[in-house]
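Since the structure comes first, as C-alpha cells, the remarks are kept for the end.
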C-alpha cells in the first residue's frame, strides 16, 4: 500500500510542477497578447493570433492536464490515508492541526485562478479584456504566492511546525516584495521607452 502512496506522491509532484509552469507561461502570454494589440496592422493581427494559439496550447496541453493530475494524485493520497498503515493527514494528530485543510484551501484558490485564466483568454480573443499588460504582469506573480504558501504549509505543517500567523505575514511580505520588483521593472521599462 505504501508503494502506491509513494507513486501517487511522485505523480503529484510532477503534476504540480507542470501546473505551475503552465500557469506562469500562460499569463506571460497574456502580457504579450495585450502588448501585441498596441502594434500597427498587420503585425497586431499576426501576433495576437499567434499568442492566442500558443495560450490555448499551454492551457489545454500543459496547465489543464497537469491540474487534473495534481488533484487526482493528491486525492488518491488523501483517500489512501483512510486505510491502515498510511498516514491520514486530515487528522489533527498528524502535524499542525488543520494544515491539510489550509493546503486544500490554497489549492482550491489556485484552481479558481486557473479558471480565471481560461475566462481571461476567452475575453482577450473576444476583445473584451480590460486588463493592461502591467495588470497581467502583476497577475503573473499570483502563482508564485500560491507556490510559496502551499510549499511552506505542506512542509512545515506535516512536521507540526506551521505557525499560521507567520505564514500570513510571510505571504504578505512576499507579495510586497513581488509588487516592488514588478513596480521597479515598470519604471525601468518606462524610462527606456
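The values are calculated or read from the model by the stated rules, or taken from the named source; none is laboratory data. In this text the structure is predicted, and so the values were computed from the model without any measurement. So basically every Cβ, Gly included, is an ideal-geometry build from the backbone, and we count neighbours across all protein chains shown.
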Original post:
Can you name the condition, by its number, that residue 104 falls short on among (1) surrounded by 15 or more Cβ atoms within 10 Å (Cβ to Cβ); (2) without any contact (Cβ under 8 Å) to a residue 12 or more places away in the chain; (3) outside any helix (DSSP H, G or I)?
Top reply: (3)
Subject >> residue 148 being part of a loop (DSSP other than H, G, I, E, B) and modelled with pLDDT of 90 or more >> reply: no
Subject >> Selected residue (criterion: surrounded by the most Cβ atoms within 10 Å (Cβ to Cβ)) from residues of region 75-89 that are in contact (Cβ under 8 Å) with a residue 60 or more places away in the chain and part of a helix (DSSP H, G or I) >> reply: 77
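Assess whether residue 156 counts as being in a helix (DSSP H, G or I) and surrounded by fewer than 12 Cβ atoms within 10 Å (Cβ to Cβ). Let's see the steps before the verdict.
On the way: in a helix (DSSP H, G or I): yes; surrounded by fewer than 12 Cβ atoms within 10 Å (Cβ to Cβ): no.
No; evaluated as a whole, the condition is false for this residue.
Residue-wise test of (1) modelled with pLDDT of 95 or more; (2) part of a helix (DSSP H, G or I); (3) in contact with a helix residue (DSSP H, G or I) (Cβ under 8 Å, 6 or more places away or on another chain).
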{"position": "5", "(1), (2), (3)": "no, yes, yes"}
{"position": "25", "(1), (2), (3)": "yes, yes, yes"}
{"position": "48", "(1), (2), (3)": "no, yes, yes"}
{"position": "61", "(1), (2), (3)": "yes, yes, no"}
{"position": "67", "(1), (2), (3)": "yes, yes, yes"}
{"position": "91", "(1), (2), (3)": "no, no, no"}
**OP:** Check whether at least one residue in region 162-175 is outside any helix (DSSP H, G or I) and modelled with pLDDT under 90, and report yes or no.
**Re:** no
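Let me confirm something: among 154, 149, 173, 139, which residue is touching a helix residue (DSSP H, G or I) at 6+ places or on another chain (Cβ under 7 Å) and over 22 Å from residue 96 (Cα atoms)? I'd like the intermediate steps shown before the answer.
Numbers: 154 fails: over 22 Å from residue 96 (Cα atoms); 149 fails: over 22 Å from residue 96 (Cα atoms); 173 fails: touching a helix residue (DSSP H, G or I) at 6+ places or on another chain (Cβ under 7 Å).
The conditions single out 139.
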